[in-house]
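Below is one structure, written out as structure tokens; the observations come after it.
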Amino acid sequence: MRFEALALDGAWLIYLEPIQDDRGFFARTFCVNEFRAHGLETEFSQHSISCSLSKGAVRGMHFQREPHSEVKLVRCLSGSIWDVIIDIRSGSPTYRNWRGFELSETNGAQLYIPKGFAHGFQTLTDNASVNYLTSEFHAPNAAAGIRYDDPTFGIKWPLPVSIIADKDLRWPAFEA
């Protein structure tokens, strides 16, 4: 794996380094030793998958409040997504900054999202499947979010929104 530190403090893109032969390829997507060497979380309590059927679908912007804040490791298994993170840690040097990254089955990139970030994505293709590793168990009472179109951040989504959950439309505007 190749680790690339991002401009948002504590966030990383992690690229697979596949070994190819006539059968296809093999690549590690996680290694405790390599993650530990970069100072990253190595214990993931839950592994989850989502599948979005329609191009342009938006999921997010989600996070869990303390004491259930979580690290996420996100990878697109099929199709392609525009994955967005926002640093909402008030003491961070990158507070209120956001970045977007294309994750796809083709590029195999993974996004490491530290605690204290809101996360969401838009599907760039139909039938996009996304795998999540999270460092904490889902705590419904700590689940929170920010509207995907909150003017505080001005996120530039690449496509018109084709579908979004009612709960994601009800998230409040960001409060500093």
*asked:* Which of the numbered conditions does PHE174 fail, given that it passes all the others? Conditions: (1) surrounded by 15 or more Cβ atoms within 10 Å (Cβ to Cβ); (2) at pLDDT 95 or above.
replied: (2)
*Based on what the data block shows, is PRO151 surrounded by fewer than 19 Cβ atoms within 10 Å (Cβ to Cβ), without any contact (Cβ under 8 Å) to a residue 60 or more places away in the chain and over 30 Å from PHE26 (Cβ atoms)?*
yes
*asked:* So, in the range 118-140, exactly how many residues are under 15 Å from VAL74 (Cβ atoms) and in contact with a strand residue (DSSP E or B) (Cβ under 6 Å, 6 or more places away or on another chain)?
replied: 14
*asked:* Restricting to the range 154-176, count the residues that are farther than 27 Å from GLU105 by Cα, part of a helix (DSSP H, G or I) and in contact (Cβ under 8 Å) with a residue 40 or more places away in the chain.
replied: 0
*For GLY145, indicate whether it is modelled with pLDDT of 95 or more and under 14 Å from the mean Cα position of the chain (by Cα).*
yes
_Please go through the range 10-25 and give me each residue that is of a type in the set (D, E, K, R) and either more than 25 Å from the chain's Cα centre (by Cα) or within 15 Å of VAL71 (Cβ to Cβ) (or both), ordered by number._
ASP21, ASP22, ARG23
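The values are calculated or read from the model by the stated rules, or taken from the named source; none is laboratory data. The structure displayed is predicted, hence computed values, not measured ones. Virtual Cβ from ideal backbone geometry, glycine too; neighbours counted across all protein chains shown.
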